[in-house]
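Q: Before I ask anything, here is the structure I am working with.
No value in this document is a laboratory result; all are computed from the given coordinates. Fair warning: this is a prediction, and the values are worked out from it, not measured in the lab. Here Cβ is always computed from backbone atoms with ideal geometry, including for glycine, and neighbour counts include all displayed protein chains.
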Amino acid sequence: MSAQLLGQAFSQLFGDDVQVAALSISDPLASASELELLALGKAAPSRTAEFSAGRTAARQALNQLQLPTKDILIGQHRQPLPPAGACISISHDKSDAAAAAASEEHWIGLGIDICDADSLESNLISSVCRGQDLDDLNADETLGQRAKLIFCLKEALFKAIYPQVGSWMDFSQSELHIDHRDGSYGAQLFSEDGSALILEGCWFGRFAKVGHRWIAAAGMRKAG
């Protein structure tokens with residue numbers, strides 16, 4: 001599947017007020033600025049290529065919204081730092097990078113993720129999944145395949161809520177309800193002490209299978 005089709009699939013999940021761009025990691029147009037590469041630090045060529053493609057995709061998405069496209073640096077917890085007035089999220093796999101961007105006028109945070117649709121290793125399932133995460137498997141869905149989907153959805157979720165919580169959460173701090181009928185998912189969040197975690201905004205969570213990849217789109221939309 002081409003990066004263009006990947007970007008279109010993400011766009012269909014989000015709707016009109018979020019712009020998405022995607023490109024191949026090997027795209028000759030992929031580049032990072034001097035300041036961005038300085039923030040990345042010493043990295044293997046493959047990591048630099050992934051990083052550069054992600055930053056290029058983010059600038060393309062921001063440009064579509066006529067938002068600033070200055071250097072996208074790296075925050076305390078390795079999150080991409082968006083320009084003022086914007087929300088962004090970046091994801092990549094071994095082939096492609098994608099980025100979503102939206103105005104802070106409408107969104108508090110965005111999260112996207114891409115991962116293959118293989119089964120999650122059995123020794124990791126208990127650390128990724130909890131409670132109802134593994135309920136109501138489809139007839140053609142194995143436990144490992146559901147767990148990999150859960151992994152992808154939670155990665156997007158954590159990116160979307162990061163602007164409010166200010167740190168990365170453990171997988172055990174969320175429990176998902178998946179609806180394969182319309183490709184949506186809901187989330188219940190927990191603080192470190194196990195109490196319910198309530199955040200601002202209206203939850204948005206969608207997913208789709210694109211070829212042999214899962215893609216997840218999440219966000220906290222401002223009320224009203």
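Q: Report ³J(HN,Hα) in whole Hz for each residue of region 159-172, in order, from the Karplus equation J = 6.51 cos²θ - 1.76 cosθ + 1.60 where θ = phi - 60°; Gly and Pro get x.
A: Along region 159-172, the couplings run 5, 5, 9, 3, x, 8, 8, x, 7, 7, 9, 6, 4, 6 Hz.
Q: What percent of all Cα-Cα pairs in region 73-157 falls in each 10 Å bin, counting up from 0?
A: For region 73-157, the pair-distance distribution reads 16, 38, 29, 16, 1.
Q: Now for a different question. Show me the three semi-axes of the equivalent ellipsoid for the chain, from the C-alpha gyration tensor (sqrt of 5 times each eigenvalue), largest first, rounded to whole Å.
A: Working: eigenvalues 143, 81, 59 Å².
They are 27, 20, 17 Å, listed from largest to smallest.
Q: Excluding same-chain residues fewer than 8 positions from K148, which lysines have a Cα within less than 18 Å of its Cα?
A: K94, K159, K209
Q: Need one word for region 118-207: rounded, prolate or oblate. Basis is the Cα gyration tensor (sqrt eigenvalues a ≥ b ≥ c); a/c below 1.5 gives rounded, then a/b vs b/c decides.
A: Taking the square roots of the gyration eigenvalues as a ≥ b ≥ c, region 118-207 is prolate.
Q: Still on this structure: Rank by packing, highest mean first: peptides 182-194, 109-121, with packing defined as the count of other Cβ atoms within 10 Å averaged across residues.
A: Working: 182-194: 13.8, 109-121: 20.4.
Most protected by this proxy first, the peptides run 109-121, 182-194.
Q: When you count, for each residue, the other Cβ atoms within 10 Å and take the mean per peptide, how do 201-209, 38-46 rank with the highest first?
A: Details: 201-209: 17.7, 38-46: 10.9.
Packing order, densest peptide first, comes out as 201-209, 38-46.
Q: So what's Rg/Rh here for region 3-105, counting alpha carbon atoms and using the Kirkwood radius for Rh? Write out the running numbers ahead of the final one.
A: Values: Rg = 12.7 Å, Rh = 13.4 Å.
My calculation puts Rg/Rh at 0.94.
Q: While we're here: Per DSSP helix of 4 or more residues, -39500 (n - 2.57); summed, then divided by the residues of the chain. What does that give at 222 nm, rounded to the nearest 500? Spell out each step's value before the answer.
A: Working: 5 runs with 66 residues, N = 224.
Calculated from helices alone, the mean residue ellipticity at 222 nm is -9500 deg cm²/dmol.
Q: Run the numbers on region 21-91 and let me know its relative contact order in percent, using alpha-carbon pairs under 8 Å that are six or more apart. List each step's numbers first, then the result.
A: Working: 79 pairs, mean separation 22.0, N = 71.
Once divided by the residue count of region 21-91, the mean separation gives 31 percent.
Q: Would you mind calculating the relative contact order of region 106-168 from Cα pairs under 8 angstrom and at least 6 residues apart, reporting the percent as a whole number?
A: Values: 65 pairs, mean separation 32.0, N = 63.
Normalised by residue count, the contact order of region 106-168 is 51 percent.
Q: Helix 3-14 against the longest principal axis of the chain: what's the angle in degrees, Cα atoms only, rounded to the nearest 10?
A: It works out to around 60 degrees.
Q: For region 120-161, what percent of Cα pairs sit more than 14 Å apart?
A: Values: 379 of 861 pairs.
That fraction is 44 percent.
Q: Also, I was wondering about something else. Mind checking which of C152, L189, I72 is farthest towards the positive end of the chain's charge dipole, using Cβ charges of +1 (Lys, Arg) and -1 (Asp, Glu) about the Cα centre?
A: I72
Q: Here's a follow-up. Could you give the distance between the Cα centres of region 173-208 and region 11-77, to the whole Å?
A: 27
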